[in-house]
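Contents: one structure, followed by commentary.
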Amino acid sequence: MLLWRRLAALRAAPAPRRLSAAAPRPAPGQVPAPAPGRSGDGGGALRPLYMDVQATTPLDPRVLDSMLPYLTAYYGNPHSRTHAYGWESEAAMEKARRQVADLIGADSREIIFTSGATESNNMAIKELEAAFQPDTTLVSVMTVNNEIGVKQPIHDIGEICRAHKVFFHTDAAQAIGKIPMDVNDMKIDLMSISAHKIYGPKGVGAIYVRRRPRVRLEPLQSGGGQERGLRSGTVPTPLAVGLGAACEVAQQEMEYDHKRISQLAERLVTKIMSEVPDVVMNGDREHRYPGCINLSFAYVEGESLLMALKDVALSSGSACTSASLEPSYVLRAIGTDEDLAHSSIRFGIGRFTTEEEVDYTVQKCIQHVKRLREMSPLWEMVQDGIDLKSIKWTQH
């Protein structure tokens, strides 16, 4: 039976019991012990439910099905041109290239496989900066912000860049497969793509490089000249196949996923805001991807709330900058007060998120926000009608 069918059977089963108590957060460098119950050991506890899909997404079983043959039987080097092992791997790699191109309206010859969006960003930005003259400008914009879900007007930016003959790069890691993207309609010259943001494998991505008008890049590393000389090194066929399959599935499911995720997001926001006062949604309410919800809970420390919500996997911002204890630079950039920036939580809703998981998260969030506020002297002062901004705080 295909893994996809197994997943469908599991989704039809009753919702599993959640953690009654979670293990403490591991120290830096410490490997956490796996939670009992997931590996068939008969334990009653389960791992936290997952609501952090902006950090990474689970592998879609349909993607894994496509990858498995190239992890076992079809193991040839796709750049070996003298025997069938290489030919079959090359054919799979080129099919994956076409699948990625189809999702964004590109020519397959404009797709270069990389290790992910970070490498793609570096390839695009480093070389363009070196190519431009002092009187030119590089425009690089994230299509969908990974912290607050806001969508940028990519079409309008592309038109302006083309009119001024300026190259336009976008990091679309949080956008492709979730909202329609067309590199020709949007006048995009370079685009960064990551597989693990669209239910594909980690460790692989792609960069779209426009051929007409031609964008010339210099490779970051030297080697065998694979990927049209832009990215030397053997392309990992199973990972490339996984990226291609993830793009194909995303293209098929995009409309359904968007509608369903929008409904779940509205359910989460409405329920929380109807029960808890002084909650702020960060970012534009209209121009946003609905699956990325960033809420600030006034008078509650975000890290304290995360620790309280130990049976729900959430975050207070980008996983790329999670080592910093500073408030989010994204929230600061949009004018959020520092205290509200420190109280923000990001809720990620994805393809496999259920209504029951949303309701459970809402229930626990409301419960712990109310509890933490009852312990907060600031909340007590606000309830007494004191304007906190009128207070002159002193340091001792």
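The values are calculated or read from the model by the stated rules, or taken from the named source; none is laboratory data. A quick note: this is a predicted structure, and the numbers were derived from the prediction, not measured. Note: ideal-geometry Cβ built from the backbone for every residue, glycine included; neighbour counts use all protein chains shown. Ligands, DNA and RNA are stripped out before the accessible areas are found, and what is left, the full protein with its side chains, is counted by its heavy atoms. Shrake-Rupley method; radii C 1.70, N 1.55, O 1.52, S 1.80 Å.
Show the residue pairs that are 6+ apart or on different chains and have beta-carbon atoms under 9 Å apart, the first residue being within the range 190-205 and within 13 Å of Cys247 (Cβ to Cβ) and at pLDDT 95 or above, the second being buried (at least 24 other Cβ atoms within 10 Å of the Cβ) and aromatic (Phe, Trp, Tyr).
Met191/Tyr208; Ile193/Tyr208; Val204/Phe113; Gly205/Phe113
Can you find a residue that is among the hydroxyl-bearing types (Ser, Thr, Tyr) and under 27 Å from Thr57 (Cβ atoms) anywhere in the range 363-381?
no
Which residues, counting only those in the range 220-235, are in contact (Cβ under 8 Å) with a residue 60 or more places away in the chain and under 27 Å from Gln174 (Cβ atoms)?
Leu220, Glu227, Arg228, Leu230, Arg231, Val235
Hey, Asp278 hits all of (1) acidic (Asp, Glu); (2) farther than 30 Å from Pro327 by Cβ; (3) open to solvent by 60 Å² or more (accessible area, probe 1.4 Å) but one; which does it fall short on?
Unmet for Asp278, out of (1) acidic (Asp, Glu); (2) farther than 30 Å from Pro327 by Cβ; (3) open to solvent by 60 Å² or more (accessible area, probe 1.4 Å): (2).
Answer with yes or no whether Pro61 is farther than 24 Å from Trp87 by Cα, modelled with pLDDT under 95 and buried (at least 16 other Cβ atoms within 10 Å of the Cβ).
Against the criterion (farther than 24 Å from Trp87 by Cα, modelled with pLDDT under 95 and buried (at least 16 other Cβ atoms within 10 Å of the Cβ)), Pro61 does not qualify.
Closer than 27 Å to Cys292 by Cβ and part of a loop (DSSP other than H, G, I, E, B), is that true of Lys165? Steps first, answer last, please.
Working: closer than 27 Å to Cys292 by Cβ: no; part of a loop (DSSP other than H, G, I, E, B): yes.
Judged against the criteria, Lys165 is not a match.
Go through the range 93-116 and give me each residue that's assigned to a helix (DSSP H, G or I) and over 11 Å from Ala240 (Cβ atoms).
Of all residues in the range 93-116, those assigned to a helix (DSSP H, G or I) come to 93-104, 108-110.
The answer is Arg98, Ala101, Asp102, Leu103, Ile104, Ser108, Arg109, Glu110.
I'd like to check which strands (runs of 3 or more DSSP E) are fully inside the range 178-294 and have at least 2 residues that are within 19 Å of Val358 (Cα to Cα). Steps first, please.
Details: elements: 190-194, 205-209, 279-281.
Strands (runs of 3 or more DSSP E) meeting the threshold: 279-281.
Can you tell me which residue in the range 269-319 is nearest to Lys151 (Cα to Cα), limited to those that are touching a strand residue (DSSP E or B) at 6+ places or on another chain (Cβ under 9 Å) and hydroxyl-bearing (Ser, Thr, Tyr)?
Tyr289
Of the residues in the range 77-90, how many are open to solvent by 10 Å² or more (accessible area, probe 1.4 Å), over 16 Å from Arg228 (Cα atoms) and among the small types (Gly, Ala, Ser)?
Total meeting the criteria: 1.
Which numbered condition trips up Gly335, out of (1) at positive phi; (2) open to solvent by less than 40 Å² (accessible area, probe 1.4 Å)?
Answer for Gly335: the failing condition is (2).
Of Arg98, Arg25, which residue is of a type in the set (Lys, Arg), open to solvent by 50 Å² or more (accessible area, probe 1.4 Å) and modelled with pLDDT of 95 or more?
Being of a type in the set (Lys, Arg), open to solvent by 50 Å² or more (accessible area, probe 1.4 Å) and modelled with pLDDT of 95 or more holds for just one of Arg98, Arg25, which is Arg98.
Keeping to the range 175-212, report how many residues are open to solvent by 20 Å² or more (accessible area, probe 1.4 Å), more than 13 Å from the chain's Cα centre (by Cα) and not hydrophobic (A, V, I, L, M, F, W, C).
Total meeting the criteria: 8.
How about the range 249-258: which of its residues are open to solvent by 80 Å² or more (accessible area, probe 1.4 Å) and in contact with a helix residue (DSSP H, G or I) (Cβ under 6 Å, 6 or more places away or on another chain)? Full working, then the answer.
If we filter the range 249-258 for residues that are open to solvent by 80 Å² or more (accessible area, probe 1.4 Å), which is where we start, we get 251-252, 255-256.
The answer is Gln251, and nothing else.
Residues in the range 250-263: is at least one touching a residue at least 60 places away in the same chain (Cβ under 8 Å), under 27 Å from Arg371 (Cβ atoms) and not acidic (Asp, Glu)?
no
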